[in-house]
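First up is the structure itself, then whatever we jot down about it.
No value in this document is a laboratory result; all are computed from the given coordinates. Please read all numbers here as calculations on a predicted model, not as lab measurements. Neighbour counts are summed over all protein chains in view; Cβ atoms, including those assigned to glycine, are modelled from backbone coordinates with ideal geometry.
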Amino acid sequence: MKGRTKSKFWRVKCACGNEQNIFAAASTAVTCLVCNIPLTQSRGGVSQLTDKATLVKTLE
């Protein structure tokens, strides 16, 4: 399909209750915008969720 990307985003919930959208292949660690706790760690092109984050939904 022309024009579609393979990029995915995740809807992630932090331990503080905040939900935010993040890029699933982020090259750097992503932190919560409210409490500044790390939500992901970079693992060679795919982000890995930390124990403080919960995957709510995969967005395409």
The correct count of residues that are surrounded by 16 or more Cβ atoms within 10 Å (Cβ to Cβ), within 16 Å of Lys8 (Cβ to Cβ) and free of Cβ contacts under 8 Å to residues at least 40 places away in the same chain in the range 34-60 is 4
Within the range 6-48, the residues that are closer than 12 Å to Thr58 by Cα, assigned to a loop (DSSP other than H, G, I, E, B) and among the basic types (Lys, Arg) are Lys8
Inside the range 39-60, the number of residues satisfying the requirement of being out of contact with any Lys or Arg (no Cβ under 9 Å at 6 or more places or on another chain) and of a type in the set (D, E, K, R) is 3
Pairing a residue in the range 20-33 that is farther than 14 Å from Gln48 by Cβ with any residue that is among the polar types (S, T, N, Q) and buried (at least 16 other Cβ atoms within 10 Å of the Cβ), where Cβ atoms lie under 7 Å and the two sit 6 or more apart in sequence or on different chains, gives Leu33/Gln20
